[in-house]
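This report refers to the structure that appears directly beneath it.
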Amino acid sequence: MEPKSRGPVYWIFATLLLLLWISPILASLLTSIKTLEELNEGRYWSLPRNFSLQNYVEAFTVGKFSTYFLNSLIITVPTVLAVLFFSSLNGYVLAKLRFRWNKKLMLVFLGGMLLPFQILLIPVFYLSNQYLNTYDTRLGVILFHVAFQLGFASFFMRNFIRTIPDGIIEAARVDGCSEWRIYSTMVIPLMRPALAALATLLFTWIWNDYLWSLILIQTDELKPITAGLQNLKGQWIASYHLQSAGAVIAAIPPVLIFAFLQKHFIRGLTMGAGK
Amino acid sequence: MVGALSFMQKRDHKTAWRFLAPSLLLYGLYVIFPIFFSMYLSVTQWDGVSTQVLPLCFGSDTSCFQNFIDLWQDEVFWMSLKNNIAWLLFFSLSAPLGLALALFFHVKAKAASFYKSLLFMPMVFSLVVVGTIWSWFLQPEFGLVEYILKALGILGAGENFTMMASERWATAGLIAAASWPHAAYCMVLYLAGLSNLQKNVIEAAEIEGVSKWQMLWFIILPMLRPATVIVVIVTMIGALRAFDLISIMTAGGPANSSNVLALYMYQQTFENFRYGYGAAISVVLFAISLLLILLYLKQTLKDETGRS
């Protein structure tokens, strides 16, 4: 359907709607640059008297957000890379190899992505604690995330690799190329857009995770930023100026990814919705 | 050729196993095995420490399904289940809200894409961030909602907006907060659907002079069906997975009135150390989700065969 162009009445209404929609964001941004004194005077919804980043500095130092931020990166980046690698291998098998279990495997991957996390909580906790020695390590969280995200990611990759014509792959096979060479030198370069789309989604999901670090990490110094924000809330109960600064910091990386890679992000999300 | 594999197929099989091996190992260990392990634990009374765990009915006259019998008599379980149903019903309102936003902002103008980017924004926030923001958005005394209600004269000077402390309304506040990012997500899915609609059908309908509502109901909505299927599934799964936001905003309170199965399972397991009981709750949650999962798989298979 073609979008239509609109008049000024529409734009006034649209702007009001937008402001209402993002008012929670605006409110957090405003509060994050105010002092506690100003908030105590009841000046919650006015412009700040003077612009100060003091709350952000405090969140990073007193609130230990520098540690949490780094932990989130240490957990998120390797997870995304590992999922991209393994899911593209799986996707290649599911899309291009004559493998007897392809269909069943795809259903298993697809079904897994909709599981309620609770059915996995106790066993994953137990395995990490008793057998894998990964309890209370960032590696433990990474391993779980990689495993769980493989479901969606493999299906995603398979759907993309299926659009690569069989002809060029057959031709390479006839020339005696190994499957590994076909995958790494032909398929991967063609998949760049799909890899980018998947990477933006995975980054956001892993960065935003709260539950699994809650279950698998106990030491405060190893926790990611979502858990850190929750700690901040617990320790400074009425310090809304600090909390909002913390919330803004935790939101910045996914927002940046979204701002700069919006096209990839949306293409990834809408795969299947617009067919 | 039944049973025998051609040379090419054998080669493909070998490669397939080699490519899949690391993933299958991880996936089996962290996703498949845990499902069955949880089912097993649900018929035990494991304390989380003992190394030997036998089903409840082994060597005693307790029923193997004692955890489930206890659940049946557990008021908090029913309260949580009821709240999950409320989530299923009211969280679904993000779908029409997302559709309305998509229709409203499906506009030709440079500014529109900027507006849309800002509207999508809540979608990429962690639910911890959403919970933090909304917690004091809905606070009594200085939250924005109270501020607006007072400015409009709906709330008197001495009164406070106490939604989140109310047993009756806390879940509504939680669902509202959760719908904020989720409606943005639905909007994205519907916008993608809208941009793929067939132009000629809509033009033909316009020439026929159908009303706006007829156009929406009889022409646009049926064409948006693929988007709706995905929206409905992610919404229902989201309602069953609700955990982060509740744990952050109300911790299930006041008096368990906003608890849900996912959070109750966590509390029983990791706060009260009743692993068997927690596992039983997770099995109930799994059983409900299984219906959705099977529906989704069926739909996907249908789409697959329809396309190839």
Give the residue, chosen from B:TYR275, B:TYR266, that is within 10 Å of chain A (Cβ to nearest Cβ), under 27 Å from B:GLY48 (Cα atoms) and in contact with an Asp or Glu (Cβ under 7 Å, 6 or more places away or on another chain). B:TYR275
Checking B:VAL201 against (1) under 30 Å from the mean Cα position of the chain (by Cα); (2) more than 30 Å from B:LEU138 (Cα to Cα), which single condition isn't satisfied? (1)
Condition test on A:LEU139, is it of a type in the set (A, V, I, L, M), surrounded by fewer than 22 Cβ atoms within 10 Å (Cβ to Cβ) and under 19 Å from A:TRP207 (Cβ atoms)? yes
Tally time: how many residues in region A:17-46 are at pLDDT 80 or above and either among the hydroxyl-bearing types (Ser, Thr, Tyr) or within 30 Å of B:LYS199 (Cα to Cα) (or both)? 7
Take the residues of region B:198-217 that are surrounded by 12 or more Cβ atoms within 10 Å (Cβ to Cβ) and closer than 19 Å to B:ALA100 by Cα: which is nearest to the other protein chains (Cβ to nearest Cβ)? B:ILE202
Return yes when A:ALA196 is assigned by TED's automatic domain parsing to the domain that holds A:PHE125, within 26 Å of the chain's Cα centre (by Cα) and either β-branched (Val, Ile, Thr) or closer than 30 Å to B:MET265 by Cα (or both) and no when it is not. no
Find the helices (runs of 4 or more DSSP H) located wholly in region A:1-84 whose residues include 3 or more that are within 13 Å of chain B (Cβ to nearest Cβ), and list them. A:8-21, A:23-32, A:36-40
Listing of helices (runs of 4 or more DSSP H) fully contained in region B:223-301 that carry 2 or more residues being at pLDDT 90 or above, hydroxyl-bearing (Ser, Thr, Tyr) and over 23 Å from B:CYS186 (Cβ atoms): B:261-266
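Matching residues to (1) facing chain B (nearest Cβ under 7 Å); (2) surrounded by fewer than 24 Cβ atoms within 10 Å (Cβ to Cβ):
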| site | (1), (2) |
| --- | --- |
| A:GLY112 | yes, yes |
| A:ILE122 | yes, no |
| A:TYR131 | no, yes |
| A:THR134 | no, yes |
| A:PHE144 | yes, no |
| A:PRO165 | no, yes |
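Here's the yes/no breakdown for (1) in contact with a Ser or Thr (Cβ under 7 Å, 6 or more places away or on another chain); (2) of a type in the set (A, V, I, L, M); (3) not assigned by TED's automatic domain parsing to the domain that holds A:GLU37:
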residue: A:MET191; (1), (2), (3): yes, yes, yes
residue: A:PHE203; (1), (2), (3): yes, no, yes
residue: A:ILE215; (1), (2), (3): no, yes, yes
residue: A:ASP220; (1), (2), (3): no, no, yes
residue: A:LYS223; (1), (2), (3): yes, no, yes
residue: A:ALA227; (1), (2), (3): yes, yes, yes
residue: A:GLN230; (1), (2), (3): no, no, yes
residue: A:GLN243; (1), (2), (3): yes, no, yes
residue: A:PRO253; (1), (2), (3): no, no, yes
Given (1) part of a helix (DSSP H, G or I); (2) more than 29 Å from the chain's Cα centre (by Cα), identify the lone condition not met by B:LEU191. (2)
Residues of region B:142-166 that turn out to be in a loop (DSSP other than H, G, I, E, B) and either within 9 Å of chain A (Cβ to nearest Cβ) or small (Gly, Ala, Ser) (or both), as a count: 7
Test set (1) over 30 Å from B:CYS57 (Cα atoms); (2) more than 14 Å from chain A (Cβ to nearest Cβ) - B:THR132 fails condition number: (2)
What do you reckon, is A:SER178 of a type in the set (Gly, Ala, Ser) and over 25 Å from the mean Cα position of the chain (by Cα)? yes
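The values are calculated or read from the model by the stated rules, or taken from the named source; none is laboratory data. From a predicted model like this one, the values you see are computed outputs, not experimental measurements. Positions of Cβ are backbone-derived with ideal geometry, glycine not excepted, and every protein chain shown enters the neighbour counts.
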